[in-house]
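In what follows, a structure is listed as structure tokens, so that the remarks can point back to it.
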């Protein structure tokens, strides 16, 4: 009788424990993801280190807040490359093996690199959404390696910089261009656009790359001026080239003989313009790139087709490019450059107006 009672109690306890275990196993695990999985990252992979990316990071963070990425288990992150195609390839291969990455926006280092395009395709095949931002892949050969491009139309940007140079040197000039990587799509497009915008009266004496070495960037300016004393116009294609140009012009005491036109508005370049050392800046909007890039990556991850259609309304017709804003910034009202010299879509600011625009967005540069 006692043994029978003990047996019944044991069976009851066992059933209770089993039910408890089964019940606990059916509960959803706590997570920030709406789908019950762990939090995933949407990443912007840069092509180097520059204050330009700080503005883009600010845009990403604002978009993460405005579009409530946390509610769908996403968070934004910026990752820095070492400036080489191999570095970007290695990063993409790492991403493909990580389960917490949902989307990647890449600023392409080498537009013509087939191995980089393959790494982008492989990342996409692993389930990670891939877009390009700021600098695209070679569209003729590798367009299928990313969903879309978002950023400056660098041909037009180069043309606007060329128009600025032509407005400063209406009788023509001899110029040199300076940039980080000769293989980057934005370098190729900007320098091509510059030549078109400046026109036939401009002669290119030199074009020098520095591999994002700031010491070499200044040395390149010195060398160009020494090798081609006829140069009277210096053209900065990447953000930090502005500072390199200004420093060498100052040390040589040739500001009154030299027109200086540059891309982007790094903090040092803004100060140089305020000090009268830069004649014109063609300024991109990295904040907008980061903001819209994050919006697009979220839409791709959660399959928000209406948002994708709104951002790329002609995607079905092959238009996979979303162009962000351009500005021409001049020192002041007395500049020979005027709004009507540039494309209607290009915004025209004085330095004072541009500084106010930055302050409104709590940005140090653009």
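The values are calculated or read from the model by the stated rules, or taken from the named source; none is laboratory data. Since this is a predicted model, take the numbers as computed values, not measurements. Here Cβ is always computed from backbone atoms with ideal geometry, including for glycine, and neighbour counts include all displayed protein chains.
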**OP:** Among the residues of segment 42-77, count how many are farther than 13 Å from residue 287 by Cα and surrounded by fewer than 18 Cβ atoms within 10 Å (Cβ to Cβ).
**Re:** 8
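Quick grid of which residues meet (1) outside any loop (DSSP other than H, G, I, E, B); (2) buried (at least 22 other Cβ atoms within 10 Å of the Cβ); (3) out of contact with any helix residue (DSSP H, G or I) (no Cβ under 7 Å at 6 or more places or on another chain):
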{"site": "105", "(1), (2), (3)": "yes, yes, no"}
{"site": "115", "(1), (2), (3)": "yes, no, no"}
{"site": "127", "(1), (2), (3)": "no, no, yes"}
{"site": "131", "(1), (2), (3)": "yes, yes, no"}
{"site": "137", "(1), (2), (3)": "no, yes, no"}
Original post:
Can you name the number of the only condition in (1) in a loop (DSSP other than H, G, I, E, B); (2) farther than 24 Å from residue 358 by Cβ; (3) in contact with a helix residue (DSSP H, G or I) (Cβ under 8 Å, 6 or more places away or on another chain) that residue 47 fails?
Top reply: (2)
Original post:
So residue 301 clears everything in (1) buried (at least 23 other Cβ atoms within 10 Å of the Cβ); (2) within 23 Å of residue 104 (Cβ to Cβ) except one condition, right? Which one?
Top reply: (1)
Subject >> Residue within segment 344-357 that is part of a loop (DSSP other than H, G, I, E, B), touching a strand residue (DSSP E or B) at 6+ places or on another chain (Cβ under 8 Å), in contact (Cβ under 8 Å) with a residue 60 or more places away in the chain and assigned by TED's automatic domain parsing to the domain that holds residue 277 present >> reply: yes
Original post:
Given (1) modelled with pLDDT under 70; (2) at positive phi, where does residue 83 come up short, assuming only one miss?
Top reply: (1)
Original post:
Scanning for something in contact with a strand residue (DSSP E or B) (Cβ under 8 Å, 6 or more places away or on another chain), assigned to a helix (DSSP H, G or I) and closer than 22 Å to residue 117 by Cβ, does segment 155-171 turn up at least one residue?
Top reply: no
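Go through segment 139-154 and give me each residue that's assigned to a helix (DSSP H, G or I) and buried (at least 22 other Cβ atoms within 10 Å of the Cβ).
Within segment 139-154, 145, 154 qualify.
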Original post:
Is there a residue being modelled with pLDDT under 95, assigned to a loop (DSSP other than H, G, I, E, B), more than 20 Å from residue 42 (Cα to Cα) and not assigned by TED's automatic domain parsing to the domain that holds residue 239 anywhere in segment 302-318?
Top reply: yes
**OP:** Considering only residues that are in contact (Cβ under 8 Å) with a residue 12 or more places away in the chain and out of contact with any helix residue (DSSP H, G or I) (no Cβ under 9 Å at 6 or more places or on another chain), look in segment 225-245 and name the one that is surrounded by the most Cβ atoms within 10 Å (Cβ to Cβ).
**Re:** 228
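In segment 313-333, which residue that is touching a residue at least 24 places away in the same chain (Cβ under 8 Å) and surrounded by fewer than 17 Cβ atoms within 10 Å (Cβ to Cβ) is nearest to residue 263 (Cα to Cα)? Step through it out loud before you land on a result.
Filtering segment 313-333 down to residues touching a residue at least 24 places away in the same chain (Cβ under 8 Å) leaves 315, 320-331.
Then keep just the ones that are surrounded by fewer than 17 Cβ atoms within 10 Å (Cβ to Cβ); that gives 315, 321, 323, 325.
Details: 315: 29, 321: 21, 323: 16, 325: 13 Å.
The qualifying residue nearest to residue 263 (Cα to Cα) is 325.
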Original post:
Just one of the numbered conditions (1) surrounded by 15 or more Cβ atoms within 10 Å (Cβ to Cβ); (2) in contact with a helix residue (DSSP H, G or I) (Cβ under 7 Å, 6 or more places away or on another chain); (3) modelled with pLDDT of 95 or more is not true of residue 336; which one?
Top reply: (1)
Original post:
Can you name the residue in segment 78-91 that is in contact with a strand residue (DSSP E or B) (Cβ under 7 Å, 6 or more places away or on another chain) and surrounded by 19 or more Cβ atoms within 10 Å (Cβ to Cβ) and, of all such residues, is nearest to residue 289 (Cα to Cα)?
Top reply: 81
